[in-house]
Amino acid sequence: MELRINGLKKYYRTGKEKEVKAVDGVSLEIGKGELVSVNGPSGCGKTTLLLISGGLMNPDHGEVFLGEKNLYRISPDVRDRERVTKVGFVFQQFYLVPYINILENVLIPTIGLNSYSASVEQRARDLIDHFNLSDRIDHKPGELSTGERQRVALARALINRPSVLFADEPTGNLDDYNAEVVLKYISEFAADGGAVLLVTHDKRISRQAHRSVRMKDGRFVGDDTNPVK
Ligand SMILES: Nc1ncnc2c1ncn2[C@@H]1O[C@H](COP(=O)(O)OP(=O)(O)OP(=O)(O)O)[C@@H](O)[C@H]1O
Ligand SMILES: [Mg+2]
């Protein structure tokens, strides 16, 4: 298994308000080449689930195995390294850095690895080319359309050749054409052996997924298993 999550819980507590059970007992396994989609109403815990699964936020309970590594039982330094090398993350709000150009944005995840080399930069250029962004390579995110930004975010997520890709509403802001383009890239990643966990309301994606899970109030409430395409 590339990703195995087991009994995850995350309850947010803010001030005196009562706690929000954002994730309330979720388990899931994703193997190589598998694409799993999660859908459900706004606020049901999808982003929280992705952040925890991607090593970005500690759960209150439960475990996340990325390959063999139990992500929240290892030191934060080791976890960061695991995350940067094995996880690609496309955030719901992209989080591109506004004052640097596309090439520099795509290279961000390589910075801490002390592996910078001409070949890393070449891979970034190749990804940018693959995502049809070559003629925007020295533009800054603010100078791009939403669909272009979405593709930059995807290129950045893939730069370190992750084994698992997490994507939060990767087509949420896109027109039909650009949604198809992004979906094609994500499917290619899975077809090449990557594991994918994505949050989406897009029925086209759910239909392409190997498993499509419904979430409500922090729990999985249904699982439409599709035949493997
Ligand atoms: N940092 C936080 N502190 C307190 N409550 C939070 C925090 N982040 C999220 N929540 C609450 O936890 C619940 C789950 O939030 P989450 O962002 O995971 O939902 P979501 O399913 O991704 O929603 P959407 O579809 O709108 O993106 C929501 O009720 C939200 O208000
Ligand atoms: Mg969300």
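The values are calculated or read from the model by the stated rules, or taken from the named source; none is laboratory data. Quick caveat: nothing in here was measured; it's all calculated off a predicted structure. In this analysis, Cβ positions are derived from the backbone assuming ideal geometry, glycine residues included, and neighbour counts consider all displayed protein chains. Accessible surface areas use protein heavy atoms only, side chains included; no ligands, DNA or RNA. Shrake-Rupley method; radii C 1.70, N 1.55, O 1.52, S 1.80 Å.
Things worth noting here:
- Residue tally, condition in contact (Cβ under 8 Å) with a residue 12 or more places away in the chain and of a type outside the set (Asp, Glu), over segment 66-80: 6
- In the set SER37, SER42, only one residue is within 16 Å of ligand 1 (Cβ to nearest atom), open to solvent by less than 10 Å² (accessible area, probe 1.4 Å) and of a type outside the set (A, V, I, L, M); that residue is SER37.
- Residues that are of a type in the set (D, E, K, R) and touching a helix residue (DSSP H, G or I) at 6+ places or on another chain (Cβ under 8 Å) are absent from segment 46-55.
- Lone unmet requirement of (1) more than 18 Å from the chain's Cα centre (by Cα); (2) within 13 Å of ligand 1 (Cβ to nearest atom); (3) part of a helix (DSSP H, G or I) for LEU50: (1)
- The condition of being outside any helix (DSSP H, G or I), away from ligand 1 (no atom under 16 Å from the Cβ) and touching a residue at least 40 places away in the same chain (Cβ under 8 Å) holds for only one of TYR95, TYR99, that being TYR99.
- In this structure, HIS130 does not qualify as closer than 25 Å to TYR11 by Cα and either hydrophobic (A, V, I, L, M, F, W, C) or open to solvent by 70 Å² or more (accessible area, probe 1.4 Å) (or both).
- Enumeration of residues in segment 65-90 that are part of a loop (DSSP other than H, G, I, E, B) and either open to solvent by less than 50 Å² (accessible area, probe 1.4 Å) or modelled with pLDDT of 95 or more (or both): GLY67, ILE74, SER75
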